[in-house]
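The values are calculated or read from the model by the stated rules, or taken from the named source; none is laboratory data. Here the structure is a predicted model, which means the values were calculated and not measured. Every residue, glycine among them, receives a Cβ derived from its backbone with ideal geometry; neighbour counts consider all protein chains shown. Surface areas here come from the heavy atoms of the whole protein model, side chains and all, with no ligands, DNA or RNA. Shrake-Rupley method; radii C 1.70, N 1.55, O 1.52, S 1.80 Å.
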Amino acid sequence: MSEAPPGSLPPGLSPEECDAAIATAFGLTPTEAKVARVCIEVPDVATVASTVGISQHTVHSHLSRIYLKAKVNSRLQLAVLVTAALWRVASKR
């Protein structure tokens with residue numbers, strides 16, 4: 001399997017399947033998992049907030065908890081870990 005760039009979600013996984021895999025891999029709540037997925041798909045917090053249907057402040061709160069649980073310090077690190085986890089799940093199908 002070739003390496004995918006950060007933010008490149010595997011084909012064949014629905015957003016719901018991605019969220020479930022992310023939640024399981026990192027011990028996140030369903031909303032935290034959705035925020036994590038959307039964060040690697042869109043460039044800014046305002047778009048994440050509108051996509052998920054929460055405030056920008058809430059996105060930042062979720063990101064703080066996500067970073068702690070995933071043991072990362074940035075959106076780039078999060079993107080790399082989440083993308084790798086999702087490609088592992090997709091490769092087992």
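Of SER50, CYS18, VAL89, which is farthest along the charge dipole of the chain in the positive direction, counting Lys and Arg as +1 and Asp and Glu as -1 at C-beta? The one lying farthest along the dipole's positive direction is VAL89. Sorting HIS62, HIS57 on solvent-accessible area from highest to lowest, probe radius 1.4 Å, gives HIS57, HIS62. Taking only protein heavy atoms and a 1.4 Å probe, the accessible area of segment 13-70 is 59% carbon and sulfur.
Once Rg and Dmax of the Cα atoms in Å is calculated for the structure shown, the corresponding label among (1) 12.9, 40; (2) 12.2, 38; (3) 17.0, 55 turns out to be (2). Surface exposure of the chain, expressed per residue as accessible area with a 1.4 Å probe, stands at 55 Å². Here r is the Cβ-Cβ distance between THR29 and ARG88 and R0 is 22 Å; the resulting FRET efficiency, rounded to 0.05, is 0.55. Given springs between every Cα pair under 10 Å in a Gaussian network model of the chain, which of ALA46, ALA25, ALA33 has the largest fluctuation? In this elastic network of the chain, the residue with the biggest mean-square fluctuation among ALA46, ALA25, ALA33 is ALA46.
The local environment of SER64, defined by Cβ-Cβ distances under 15 Å, has a net charge of +3 under the rule Lys, Arg +1 and Asp, Glu -1. For the pair VAL42 and ALA20 in one chain, pulling the backbone fully straight at 0.36 nm per residue adds 6.0 nm over the alpha carbon distance.
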